[in-house]
1. Provide the gained length on full extension for the span HIS64 to ASN121, in nm with one decimal, where the gain is 0.36 nm per separating residue minus the Cα-Cα distance.
2. Hey, what number do you get for the chain at 222 nm if only DSSP H runs of n ≥ 4 count, each worth -39500 (n - 2.57), divided across all residues, to the nearest 500?
3. Hey, if you drop one equal point scatterer on each alpha-carbon of segment 1-111 and run the Debye formula without solvent, what base-10 log of I(q)/I(0) do you get at q = 0.14, 0.23, 0.24 Å⁻¹?
4. Between segment 8-51 and segment 88-120, what is the C-alpha centre distance in whole Å?
5. Give me the 1.4 Å probe accessible area per residue for segment 1-119, excluding ligands and nucleic acids, in Å².
6. Figure the gain on full extension for GLN99 and VAL78 (residue separation times 0.36 nm, minus the Cα-Cα span) and round it to one decimal in nm.
7. For LYS98, list the aspartates and glutamates whose Cα falls under 18 Å from its own Cα; do not include residues on the same chain fewer than 8 positions away.
8. Please enumerate, by chain and number, the lysines with C-alpha under 24 Å from the C-alpha of LYS143, excluding those fewer than 8 residues away in the same chain.
Amino acid sequence: MMGCPRSGALLDVNPTSPTFNQYILPEDFLGQISAWYFGQSTWSYCSAQFGHLDRMKKELDTSHPNAGIFILGVNGAVYPDTKFIYEGRDLPWLLDTKQADWWGSWGAVFRDVIILDRAGNEAGVFNLTEHNLDDPDEYEALKTLLLDISVN
C-alpha cells in the first residue's frame, strides 16, 4: 500500500485504521481474505453494521490470528463522507470515486459484504440488509463464512 494514488485505488480516511491516509486496491490483499463492506457513511443502519464488522475483525484477530482476514468499508462516490461511520472504530473506510467506481464495477448494492479469496476472486456475498448483524445467528453466519473461505 502506498501513500500516493495508484490507478483505481481508494483513500482510507479513518484516522485509527492501520492504513489511514493510504491508497488501497484489492491486490494489496492477495494471499489473504478480504471482505469489502459497501455502505453509506451517513446512515445509522450502515454505521451499526460497520460497528459489528469492527467487533468481528477484533474477534477474528484474537481467536484466529493466522487466518489472514481483513475487513474494509467502501463509501459510495455519490454519498457524502462523514466520520459518523468510523468514529471509534479501527477498520479502514475507503472513499469510492466516480473515476474508480468500485460500487459499479463490483456490482455492489447497499450493504453488500463482498468477500475475496486469497487469489482475489469473489468467494461470496453477504448482504447486511438481508442479514442484520444485530442478530447473533447472522453475525455468526458471516464469521463462519469468512473462516470457511480462509481455510479453502
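The values are calculated or read from the model by the stated rules, or taken from the named source; none is laboratory data. What you are looking at is a predicted structure, and each value in this text was computed from that prediction instead of being measured. All accessible areas refer to the heavy atoms of the entire protein, side chains included, with ligands and DNA or RNA removed. Shrake-Rupley method; radii C 1.70, N 1.55, O 1.52, S 1.80 Å.
1. Numbers: separation 57, 0.36 × 57 = 20.52 nm, distance 2.18 nm.
Net length gain for the segment: 18.3 nm.
2. On the way: 3 runs with 41 residues, N = 152.
-8500 deg cm²/dmol, from helical runs alone.
3. -0.51, -1.43, -1.53
4. 7
5. Working: 5270 Å² over 119 residues.
Per residue, segment 1-119 has an accessible area of 44 Å².
6. Values: separation 21, 0.36 × 21 = 7.56 nm, distance 1.13 nm.
Full-extension gain reported as 6.4 nm.
7. Answer for LYS98, where 18 Å is the Cα cut-off: ASP12, ASP81, listed by chain and number.
8. List returned: LYS57, LYS58.
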